1. For Cα Rg over 2.2 N^0.38 Å, one of [x] 1.18; [y] 1.75; [z] 1.12 was computed from the structure I shared and the rest are decoys. Which label?
2. Given an 8 Å cut-off on Cα distances and at least 6 residues of separation, report the relative contact order of the stretch 145-274 as a percent.
3. Given a 1.4 angstrom probe, what's the average accessible area per residue across the stretch 189-331, in square angstrom?
4. Please report, in debye to the nearest 20, how large the charge dipole of the chain is about its Cα centre when each Lys and Arg carries +1 at its beta carbon and each Asp and Glu carries -1 there.
5. Taking R0 as 35 Å, what FRET efficiency do you get between THR152 and THR318 from their Cβ-Cβ distance, rounded to the nearest 0.05?
6. As an exercise, use a Förster radius of 30 Å and the Cβ-Cβ distance of ASP117 and THR139 to find the FRET efficiency, rounded to the nearest 0.05.
7. Order of 195-202, 246-253 by packing, highest average Cβ count within 10 Å first?
8. Looking at the stretch 253-331, which trypsin sites (Lys or Arg not before Pro) are in a loop (DSSP not H, G, I, E or B) and have at most 14 other Cβ atoms within 10 Å?
Amino acid sequence: MQTKQKWALTLTMALSAVSCGGSTELSDPYMGVIDGTGLESKFQPATCGTGSSAPKCYQPMSGAAEGTSFPFYNLGVLASSDKSLTKDGAKLVMPITLAKTSTYGFSESCKTGKEYDERTDSYREDAQYTLFDALPLTTSTAPVLPLVKVKTWSGVSQYTCNAIKDASSLTEGKFGGSATEGESLAVRAIIDVTATFKSLSDTSTFAPQPGWFSGLQFVYLDGGAVPTEEVTVGTGDAAKTVQAVKMMDGVWLKPTTSGAKPTDANAKLVFQAKPGDANWSPVVRLREFTPAAGVTYTSLCYQSPDCVAGSVDMTKATTDNSVLFIVSSAQ
């Protein structure tokens, strides 16, 4: 149930609007912008450049698939040793139950409000932002991942865009309407709005999207839909079928440098597919491979021993490293 304090704040703001001659339409209170410094490390910006004064930014790195390179944002890893993961034979399995956060979109258009003025307005009233029911904070006890459940709400088109700013206002019936049947998975990573965001390329139109959590505004990177599959884990009487994230393969060309990580800005990563391909997934089952000197790897090979030059023989890339989350775009 919604707290008395929260309802009191809503009522106070509504009465204030009436006394000033403003709108009396039901609306969640605006609480400002999230403090990005509290986000878990996967969601934090990196240092762009060197020196103590180097700025913080979200900067794409380069990967390769099927002989071509493409830019992507690296959103960190879940170690292969994490107890929340399991195995299907030799393959890492990520149960969909690891997606703890729900996000809400809307099946109908909202009512357009006043024209946006960036000098005086905190948010727009011409499109409804996505609602999240949790933030990926350092204080979380479960694995903090950019994997979310995507739900759709209907029956609230009579409200001005962004009158709804809190997912609990939907689920507790404040605005009416109802959730449509079913849900899907996606990678959506909340980021620090105060950090610089660098585009995937000079021509890319991919950009952070706005969202709400409990009246707080933020932006997030939408990595798109995540496919799922049924897998069998365990053997004999202990075998069971679980619904799992369908990951694509990836290989980290592990250098000899001490302390190197697949999340380093200069990490060499090769993927099974590129954005827009049928096998693409923003969740990657990442393995390690020791590269041969002088070879540039740009693809994965599943036809050993008939692997062409520049491809990673997957029968030799057998060491699990982690589950990697990435965001990119076919644009």
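1. The calculated read-out lines up with [z].
2. That works out to 19 percent.
3. Roughly 49 Å² per residue, with all protein chains present.
4. For the chain, the charge dipole is close to 600 debye.
5. E between THR152 and THR318, to the nearest 0.05, is 0.30.
6. With a Förster radius of 30 Å, E is 0.25.
7. Highest-to-lowest ranking by the protection proxy: 246-253, 195-202.
8. LYS316
The values are calculated or read from the model by the stated rules, or taken from the named source; none is laboratory data. What you are looking at is a predicted structure, and each value in this text was computed from that prediction instead of being measured. Positions of Cβ are backbone-derived with ideal geometry, glycine not excepted, and every protein chain shown enters the neighbour counts. These area figures cover heavy atoms from the full protein model, side chains too; ligands, DNA and RNA do not enter into them. Shrake-Rupley method; radii C 1.70, N 1.55, O 1.52, S 1.80 Å.
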